[in-house]
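*Asks:* Have a look at the structure that comes next, please.
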Amino acid sequence: MRQNNVQLKTSIDVFHQRKACQLAFNIIKALGQLIEPGVTTGYLDKKAESILLEHHGTAALKGYRGYPAAICTSINNVAAHGVPGQYILDDGDIITVDITVELGGWYGDIAWTFIAGTIHQDHKRLLKASWQATMAGINAARAGARLGDIGRAIQETAGKFGCSVLEDLVGHGIGKNLHEDPVVLNIGKQGTGLPVVPGMVLTIEPIVTLGEKHLKTLSDGWSIVSRDNSLSAQFEHTIAIFGRRTEVLTMPEKSPDSSIDFPPFF
Ligand code: MF3
Ligand code: CO
Ligand code: CO
């Protein structure tokens, strides 16, 4: 991804992309309602596929660089790109579900972290840090700001909770392709980086961890874990920058929940 090839969207483009994003949100919400001890990650994947089919969307992740499923299910020490399958959710598991929807040629990308069964004290701190980091990033993403402002807001917010962001995993532009320019870093310096301009559609998707920020990939070739095996969480939204406001495309049309300090549970 080069930084200098940003595809700006018109409001008509955003009109279409919003539909993909709303479908992605509805799927995440439906999957969230199914998450409890005893459910397999493969079942969640099948459910996502069937909702996509029903709404004439396709699973953008399936086949992406050879990825084998419609969703990513990253559990406990797995920070990203966990592959759904036979795994049965256990009480107290923390699971991040990531889905990218393609609808009418446009892409919508969302991820959400859920707890199966019992929520522990550490989970609460992590969820708060992660949710607030994403919201701080979104609030910083306004026309006239710089990409570095977004990264700084995310990093600073995670730090307030004693958490760190996994610096190697980044947000991105998104439109008629899943991954477009620019790269949206989750760290940064105020007033630096590319200007944020109307027409940009970006994902804000910091992965926040209770432990250290260094990563390794497991032998399945996909699962990325933090090297010290600590828990992580992630809330990803697709957002559109307009001249005087920024819209979260992957939330319900009226989204009062974006101002709360804890992720809404479905
Ligand atoms: N949806 C992920 C993102 O937020 C991409 C996952 S790529 C996969 O950018 F191949 F692991 F599925
Ligand atoms: Co993304
Ligand atoms: Co995603």
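Quick note: the coordinates plus some simple rules give every number you see, no bench work behind them. Bear in mind the structure is a predicted one, so any value in this text is a computation, not a measurement. All Cβ positions, glycine included, derive from the backbone under ideal geometry; neighbour counts span all protein chains shown.
A quick yes/no check of all residues on (1) more than 20 Å from VAL39 (Cβ to Cβ); (2) touching a Ser or Thr at 6+ places or on another chain (Cβ under 8 Å); (3) among the charged types (D, E, K, R):
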{"residue": "PRO68", "(1), (2), (3)": "no, no, no"}
{"residue": "VAL83", "(1), (2), (3)": "no, yes, no"}
{"residue": "GLN132", "(1), (2), (3)": "yes, yes, no"}
{"residue": "GLY151", "(1), (2), (3)": "yes, no, no"}
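*Asks:* Any chance you could count how many residues in region 198-218 are of a type in the set (D, E, K, R) and touching a residue at least 60 places away in the same chain (Cβ under 8 Å)?
*Replies:* Total satisfying the criteria: 1.
*Asks:* What number of residues within region 215-244 satisfy the criterion of being under 13 Å from GLY82 (Cα atoms), more than 14 Å from ligand 1 (Cβ to nearest atom) and out of contact with any strand residue (DSSP E or B) (no Cβ under 7 Å at 6 or more places or on another chain)?
*Replies:* 1
*Asks:* Has region 218-226 got any residue that is under 21 Å from ASP122 (Cβ atoms) and in contact with a helix residue (DSSP H, G or I) (Cβ under 8 Å, 6 or more places away or on another chain)?
*Replies:* Within region 218-226 (the criterion being under 21 Å from ASP122 (Cβ atoms) and in contact with a helix residue (DSSP H, G or I) (Cβ under 8 Å, 6 or more places away or on another chain)), the answer is no, since none of the residues qualifies.
*Asks:* Another question about this same structure. All but one of (1) out of contact with any helix residue (DSSP H, G or I) (no Cβ under 7 Å at 6 or more places or on another chain); (2) surrounded by 15 or more Cβ atoms within 10 Å (Cβ to Cβ) hold for PRO182; state the number of the condition that does not hold.
*Replies:* (1)
*Asks:* If a residue has to be without any contact (Cβ under 8 Å) to a residue 24 or more places away in the chain and of a type outside the set (Ser, Thr, Tyr) to count, how many in region 3-59 make the cut?
*Replies:* 9
*Asks:* Pairs only if they're at least six apart or on different chains, beta carbon under 7 angstrom, first in region 234-253 and farther than 15 Å from GLY137 by Cβ, second within 16 Å of ligand 2 (Cβ to nearest atom); list them, first residue then second.
*Replies:* PRO252/PHE25
*Asks:* Being within 16 Å of ligand 1 (Cβ to nearest atom), in contact (Cβ under 8 Å) with a residue 24 or more places away in the chain and more than 19 Å from ILE99 (Cβ to Cβ), is that true of even one residue in region 187-197?
*Replies:* Checked region 187-197: no residue is within 16 Å of ligand 1 (Cβ to nearest atom), in contact (Cβ under 8 Å) with a residue 24 or more places away in the chain and more than 19 Å from ILE99 (Cβ to Cβ).
*Asks:* Just to confirm my filter: which strands (runs of 3 or more DSSP E) fall fully inside region 151-266 and include at least 2 residues that are out of contact with any Asp or Glu (no Cβ under 7 Å at 6 or more places or on another chain) and under 30 Å from THR118 (Cα atoms)?
*Replies:* The strands (runs of 3 or more DSSP E) meeting that bar are 207-209, 215-217, 224-226, 232-234.
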